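Please treat every number below as a calculation from the coordinates, not as lab data. No experiment lies behind these values; they were computed from the predicted model shown. Virtual Cβ from ideal backbone geometry, glycine too; neighbours counted across all protein chains shown.
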Amino acid sequence: MKKQAINFELNGEPVEVFTEASGSLLHLLRGQLGLLGTKEGCGAGECGACTVLLDNQPVNACLVPAAKIEGKQVQTIESLSTSNTVHPLQESFVKKGAVQCGFCTPGMVLSAYALLKANPDPTPGEVKEAISGNLCRCSGYKQVEEAVLDAAEKKDQASSED
Amino acid sequence: MSYIIASDLNQALQILRDSKGQARVIAGATDLFLQTLPAELVDLAELYETTQLEESGGLLSIGSAVTHASAARSLLIRSKAAALAEACAMIGSPQVRNIGTIGGNVANAAPAADAAVALVALGAKAVITDIEGQTREEAVEELYAGYNRSVIDSSSEIIGRLVFKPCAAGEGSAFMRFAPRRALALPLVNVAARIRVSGRRIEAVRMVAAPVKPAPTRLFETEALLQEIIPGHEIWAKVEEAAASEVEVRGSILRCSGQYRRHLVGTLAERVLKEAYQRACASDGGET
């Protein structure tokens with residue numbers, strides 16, 4: 001299988017990889033770049049566990065040909081936290097009990113992150129819509145919805161204190 | 001395998017010519033990437049020609065690589081082709097809509113592809129260019145060669161854009177689907193309509209349902225019922241009955257029985273027609 005060079009921006013850093021053009025972005029991230037936060041669930045675009053942001057938009061990494069990301073920005077769950085701190089949105093997930101087994105969580109968080117970036121004050125309906133491509137099979141969606149609204153509220157307070 | 005992101009339509013056609021049938025075009029990749037891939041892929045998602053969305057010369061022109069998400073958000077489409085905006089908002093999931101394209105929804109030729117159903121109701125034509133440089137227009141409903149088979153040969157032809165007349169004053173369109181869930185579910189039935197009124201009298205109507213045949217299917221008998229009338233309660237009830245009885249639908253062990261599907265066609269047909277009619281009347285500018 002022929003490999004080709006791909007240049008893109010990964011979590012804010014320029015990256016060049018030499019990879020199979022027919023492979024998916026998901027396998028490039030997990031297999032070749034060792035970023036295991038992006039999960040593989042169904043591998044067919046139906047569960048959202050592999051959600052990453054491509055030019056700030058949530059996409060299923062399993063459905064994106066690796067070669068398609070040339071010149072684009074890719075953001076994975078690893079970009080939201082450092083070794084010591086987690087993102088306020090992730091804190092809200094913990095606070096509201098929105099994580100059980102955790103397999104869907106990276107995708108949920110990134111879908112919610114993209115929503116809050118575009119729409120800092122979403123309605124519950126808009127939150128449901130934003131996470132409608134992410135399946136959870138254990139804790140359910142109510143806690144996730146509450147976590148996202150909690151994070152939006154925190155953001156609101158933070159900006160009104162400025 | 002090689003994967004080339006084309007920079008303009010001519011380059012894409014040149015690659016197809018040079019590959020002598022080995023290369024295929026791809027855009028959002030959400031369907032094709034799950035199948036066995038050909039030796040060469042030409043990505044059309046970044047072309048100027050396929051990403052424009054505009055109204056000019058009395059036509060709405062939607063580039064084939066416009067994503068479902070951009071179409072659903074577009075004020076132009078929401079105001080002048082509401083059925084298409086509604087259909088695009090229901091495809092797959094937000095993740096799929098952010099990358100899947102309108103042209104792909106047509107070329108993939110699934111029998112109940114939401115955007116394609118809305119496009120047929122709106123009277124859309126695909127503008128297709130082949131490797132000989134010839135450009136032709138074909139009605140979207142003519143592009144189906146069978147279940148999940150398009151007449152478009154993606155190794156030698158490219159859908160550049162989809163064109164149709166935008167809804168003007170006195171016109172309205174609507175789309176509805178019924179699916180087991182509101183996201184990540186294929187529709188059991190989807191229906192779209194476009195109506196033109198004068199005063200409150202219906203002058204023209206196009207009504208489409210799927211999955212009925214391999215292509216989105218016009219409901220001609222139901223349309224005929226509505227010609228040149230001012231619809232009232234009795235007509236809407238007749239519409240439901242007529243739509244349900246004119247379709248030959250099949251059941252499926254995974255989805256639902258044929259009988260249930262027939263019931264859904266009738267129910268959705270009535271609701272969609274009413275909605276499109278109300279929109280048409282509301283946009284008629286109060287002229288009687």
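The coefficient of translational diffusion for segment B:1-114, derived via Stokes-Einstein from the alpha carbon Kirkwood radius under 20 °C and 1.002 mPa s, stands at 145 µm²/s.
Scalar couplings 3J(HN,Hα) for segment B:24-37, obtained by applying the Karplus form with A = 6.51, B = -1.76, C = 1.60 to θ = phi - 60°, are 10, 7, 9, 10, x, 6, 5, 9, 5, 5, 8, 9, 5, 7 Hz; x denotes Gly and Pro.
Close amide H pairs (under 5 Å, H built 1.01 Å from N) link B:Ser150 with B:Ala145, residues at least 5 positions away or on another chain.
Hey, what number do you get for chain B at 222 nm if only DSSP H runs of n ≥ 4 count, each worth -39500 (n - 2.57), divided across all residues, to the nearest 500?
Details: 11 runs with 98 residues, N = 288.
Calculated at 222 nm, the ellipticity per residue is -9500 deg cm²/dmol.
The Rg/Rh ratio for chain B is 0.99, where Rg is the radius of gyration of the alpha carbons and Rh is the Kirkwood radius.
Averaging over all projection directions, the Cα-based convex hull of segment B:58-101 occupies 2.8 nm² in the image plane. Distance between the 7 Å Cα→Cβ label points at A:Glu70 and B:Glu228: 5.9 nm. Quick one: Debye curve from the alpha-carbon atoms of segment B:31-97 only, equal weights, vacuum; give me log10 I(q)/I(0) at q = 0.20 Å⁻¹ to two decimals. Log10 of I(q)/I(0), two decimals: -0.88.
Between 0 and 90 degrees, the angle of helix B:233-246 with respect to the longest Cα principal axis of chain B falls at about 40 degrees. The calculated FRET efficiency for the pair A:Asn11 and A:Cys138, based on their C-beta separation and a Förster distance of 35 Å, comes to about 0.80.
With a simple spin-label model that places each label point 7 Å from the Cα along the Cα-to-Cβ direction, the separation between B:Ser56 and B:Lys165 comes to 2.1 nm.
So how much slack lies between B:Arg201 and B:Gln11, counting 0.36 nm per residue of separation and subtracting their Cα-Cα distance, in nm?
Numbers: separation 190, 0.36 × 190 = 68.40 nm, distance 4.97 nm.
Extra length from B:Arg201 to B:Gln11 when fully extended: 63.4 nm.
Between the beta carbons of A:Thr82 and A:Ala44, assuming R0 = 51 Å, the FRET efficiency works out to 0.95 to the nearest 0.05.
Axis of helix A:105-118 versus longest Cα principal axis of chain A: the two differ by about 70°, to the nearest ten degrees. Taking every alpha-carbon pair in segment B:163-254 and binning the separations at 5 Å intervals from zero gives 3, 12, 20, 23, 18, 13, 8, 3, 1, 0 percent.
Across all directions, the average projected area of the convex hull around the alpha carbons of segment A:88-161 is 4.3 nm². Considering the protein assembly as shown, its Cα convex hull presents a mean projected area of 23.9 nm². Shape summary of segment B:63-144, radius of gyration then Dmax from alpha carbon positions: 12.5, 37 Å.
Averaged over the residues of A:56-64, the number of partner chain Cβ atoms lying within 10 Å of the residue Cβ comes to 6. In this structure the amide hydrogen of B:Ile5, modeled in the peptide plane, comes within under 5 Å of the amide hydrogens of B:Asp43, none closer than 5 places in sequence on its chain. Output the pairs from A:Lys96/A:Lys128; A:Lys68/A:Lys155; A:Lys3/A:Lys68; A:Lys96/A:Lys155; A:Lys39/A:Lys155 with a Cα-Cα distance over 23 Å in this structure; if there are none, say none. Pairs exceeding 23 Å: A:Lys68/A:Lys155; A:Lys39/A:Lys155.
This model, with +1 at the C-beta of Lys and Arg and -1 at the C-beta of Asp and Glu, gives segment B:52-164 a dipole about its Cα centre of some 440 debye.
How far is the Cα center of segment A:1-24 from the Cα center of segment A:42-100, in Å? For segment A:1-24 versus segment A:42-100, the Cα centre distance is 18 Å.
Toward the positive end of the charge dipole of chain B, with +1 on the Cβ of Lys and Arg and -1 on the Cβ of Asp and Glu, the farthest Cα among B:Ala45, B:Phe178, B:Gln22 is that of B:Phe178. Applying a DSSP loop filter and a limit of 12 other Cβ atoms within 10 Å to the chymotrypsin sites (Phe, Trp or Tyr not before Pro) in segment B:3-56 leaves nothing.
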